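The values are calculated or read from the model by the stated rules, or taken from the named source; none is laboratory data. Values in this document were obtained by computation on a predicted structure and should not be read as measured data. All Cβ positions, glycine included, derive from the backbone under ideal geometry; neighbour counts span all protein chains shown.
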């Protein structure tokens with residue numbers, strides 16, 4: 001039994017990393033009993049000393065206690081101590097053989113005490129823990145000056161520099177299997193808290209507290225070990241480059257610290273009762289607070305951590321003890337605060353952009369007045385890291401604002417393709433305008449990943465499309481809308497003056513309407529226009545040159561197919577299409593041309609495209625031929641407007657004069673379109689077109705024979721005559737003078753095949769029938785029968801019947 005015994009309150013934990021430290025009330029004598037007998041390990045002291053620090057820490061951590069009350073029984077933090085009943089000191093720097101000297105000094109204090117050794121203790125390297133019961137419960141602010149003054153009486157140089165913290169724990173006793181264990185106590189009056197505080201002129205003044213020799217150097221060494229926080233990468237470095245200790249005191253922690261006597265290095269934590277305990281190092285780079293109740297107390301803090309401890313340390317109460325700092329909730333919250341700060345975000349953006357783009361050189365980009373932070377603040381970023389989020393909107397913002405990309409990604413509405421307006425960072429060797437290609441898709445993805453850390457093929461593709469549409473243009477529209485006609489008519493005579501066409505109303509109309517149609521297709525894509533002028537004349541007179549010049553850079557003569565996706569793709573971005581050597585096309589090919597001309601919208605899936613595109617026609621077609629007979633379909637010339645050239649002597653040169661009149665020719669065409677010029681022929685002009693079409697139709701060698709055959713009269717009972725008798729009739733072998741002849745009322749292809757053309761009835765092919773039927777169908781006085789009829793020896797056939805004509 002102790003003579004000087006009383007109830008005390010301590011807080012215990014299962015290990016140094018415990019997150020719960022519940023309070024426990026017991027008598028001082030009970031505490032001494034717990035310290036009397038150590039937990040012995042199986043390892044020897046020699047083996048223990050050779051272990052790593054982590055292994056040693058694990059073995060000596062047999063649980064422990066804090067000599068007071070941890071607030072709420074929660075986490076053991078510097079500012080979470082509600083009071084202390086006992087004073088504890090760690091003496092880790094006792095001279096060899098100094099155990100008895102320390103015991104003598106402690107006993108000489110004249111107050112009760114207990115002393116027990118640590119796991120590393122040996123006579124040659126003593127390490128002792130000292131327990132000094134206090135005569136009253138002291139506050140956390142009172143505890144440290146009492147502990148320091150007491151330690152100073154024993155020998156403060158032997159103490160661990162951090163042993164004076166109110167939240168300091170003491171391990172329960174343990175030792176190695178062969179170690180000497182020291183335990184002793186003195187049953188004396190309790191240490192007078194007020195008596196120790198009275199030894200100070202003013203115990204509130206931290207400057208008066210005894211210090212472990214070299215502790216200031218220790219803080220400086222710790223600062224050097226941490227490194228300059230302004231050189232750190234990421235959010236922490238950006239924050240510390242933006243704000244130093246003085247800055248955060250003013251902006252984020254106003255009123256928390258006050259300078260001592262206008263000092264720039266020593267401050268007082270206003271939430272405690274002591275003064276001058278916060279010391280600033282390295283011109284505001286670090287702060288170390290000795291204030292027990294300061295959330296940042298006992299830690300060397302840079303500006304980022306100082307704010308973190310004060311504003312968010314309570315968020316770490318439920319974190320696991322071994323959680324890395326950058327995974328703590330307080331760290332996450334502090335990063336979010338930093339990233340949300342405009343100045344930090346601007347610096348982050350500026351530095352990230354400058355660092356990422358330092359390998360790119362571009363004069364036009366460097367000339368931009370706008371700095372990265374001006375537009376990068378628009379980006380949605382990770383609240384913890386400030387790194388741009390991988391969103392389509394972010395990519396679009398970058399494409400619209402990054403000086404190396406801004407204004408360089410466009411879309412040509414007329415050509416239906418992307419355009420590179422200037423040098424791109426992934427293709428510095430190709431300055432100037434060009435078409436966007438597959439390599440640019442790859443380059444854009446690479447740039448987004450390298451510079452901004454954004455990945456996602458589809459998102460980049462989507463943003464590129466949106467950016468292009470935001471900067472779309474139509475050069476043909478812009479060109480036409482920029483023209484102003486001077487009122488002098490030129491358009492009607494274009495083919496007459498330059499190519500020697502006949503000066504007729506038909507030629508004038510075809511010329512005017514065809515180029516007005518080109519304007520209509522450019523300004524109103526997909527409008528109805530399904531005809532094609534055909535320029536016929538000898539080589540070398542300038543047919544193709546004229547069309548090329550009129551089409552400017554939107555001319556092509558490369559369309560060689562009229563079917564499928566290939567044909568549709570070839571006419572994108574083209575305004576004037578020349579279909580040359582029309583006479584070389586066979587009948588079926590001319591049929592495909594007619595069908596192609598009738599299309600107003602091209603529908604196709606582009607190579608690698610995901611959707612079918614619908615592209616309203618923006619072009620018109622002109623045919624050219626050196627041969628006058630190119631219309632091979634006897635019934636289908638409506639879509640062609642033949643114009644014969646070299647009929648008269650041209651008065652102007654395609655090669656010398658046309659360039660000077662191009663703008664006015666197109667200006668006149670624009671005016672004609674605005675005034676409502678019809679894009680078709682009617683009345684006498686339509687009749688003239690049919691005559692021209694007929695004159696350029698390729699005639700079959702059988703056509704004359706068939707037409708003559710149709711005009712011959714036949715006997716009244718013609719249907720009853722067999723083939724042989726009919727052939728005799730046609731050969732003049734039928735000599736009956738009373739034979740009555742009448743006009744033919746019906747006819748079929750097989751009759752003509754056998755009788756007019758003299759062929760074997762069994763040799764007729766479908767193509768023969770089609771040719772004969774086409775020739776008959778051209779005749780206005782014959783029409784196709786709606787249903788098969790009987791044709792004598794030809795049996796039932798789908799033929800023609802005679803109709804009355806005016």
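One table, with the values for the structure above:
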quantity	calculated
Of the criteria (1) surrounded by fewer than 16 Cβ atoms within 10 Å (Cβ to Cβ); (2) without any contact (Cβ under 8 Å) to a residue 60 or more places away in the chain; (3) over 21 Å from residue 351 (Cβ atoms), which one residue 222 fails	(2)
Conditions (1) surrounded by fewer than 18 Cβ atoms within 10 Å (Cβ to Cβ); (2) within 30 Å of residue 272 (Cα to Cα); (3) touching a strand residue (DSSP E or B) at 6+ places or on another chain (Cβ under 8 Å); number of the one not met by residue 72	(3)
Per-region count, segment 169-186, residues part of a loop (DSSP other than H, G, I, E, B), touching a helix residue (DSSP H, G or I) at 6+ places or on another chain (Cβ under 9 Å) and closer than 26 Å to residue 6 by Cα	3
Residue match in segment 661-672 (condition: free of Cβ contacts under 8 Å to residues at least 60 places away in the same chain, farther than 30 Å from residue 773 by Cβ and under 60 Å from the mean Cα position of the chain (by Cα))	no
Count of residues meeting criterion [touching a residue at least 24 places away in the same chain (Cβ under 8 Å) and more than 20 Å from residue 74 (Cα to Cα)] in segment 283-298	8
Every residue from segment 502-526 that is over 20 Å from residue 683 (Cα atoms), surrounded by fewer than 17 Cβ atoms within 10 Å (Cβ to Cβ) and out of contact with any strand residue (DSSP E or B) (no Cβ under 8 Å at 6 or more places or on another chain)	524
Failed criterion for residue 204 (all others in (1) buried (at least 17 other Cβ atoms within 10 Å of the Cβ); (2) under 15 Å from residue 289 (Cα atoms); (3) within 58 Å of the chain's Cα centre (by Cα) hold)	(3)
Condition check for residue 772: surrounded by 14 or more Cβ atoms within 10 Å (Cβ to Cβ), touching a strand residue (DSSP E or B) at 6+ places or on another chain (Cβ under 6 Å) and outside any loop (DSSP other than H, G, I, E, B)	no
Residue within segment 593-616 that is at positive phi and modelled with pLDDT under 90 present	yes
Residue match in segment 167-176 (condition: more than 29 Å from residue 75 (Cβ to Cβ), surrounded by 22 or more Cβ atoms within 10 Å (Cβ to Cβ) and modelled with pLDDT of 95 or more)	yes
All positions within segment 209-230 that are under 24 Å from residue 92 (Cα atoms) and touching a helix residue (DSSP H, G or I) at 6+ places or on another chain (Cβ under 8 Å)	209, 210, 211, 212, 213
Condition check for residue 273: within 30 Å of residue 61 (Cβ to Cβ), in contact with a helix residue (DSSP H, G or I) (Cβ under 8 Å, 6 or more places away or on another chain) and either modelled with pLDDT under 90 or buried (at least 18 other Cβ atoms within 10 Å of the Cβ) (or both)	no
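Results for (1) closer than 23 Å to residue 672 by Cβ; (2) buried (at least 18 other Cβ atoms within 10 Å of the Cβ); (3) under 36 Å from the mean Cα position of the chain (by Cα), shown as yes or no for each residue.
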residue: 488; (1), (2), (3): yes, no, no
residue: 497; (1), (2), (3): yes, yes, no
residue: 529; (1), (2), (3): yes, yes, no
residue: 540; (1), (2), (3): no, no, no
residue: 559; (1), (2), (3): no, yes, no
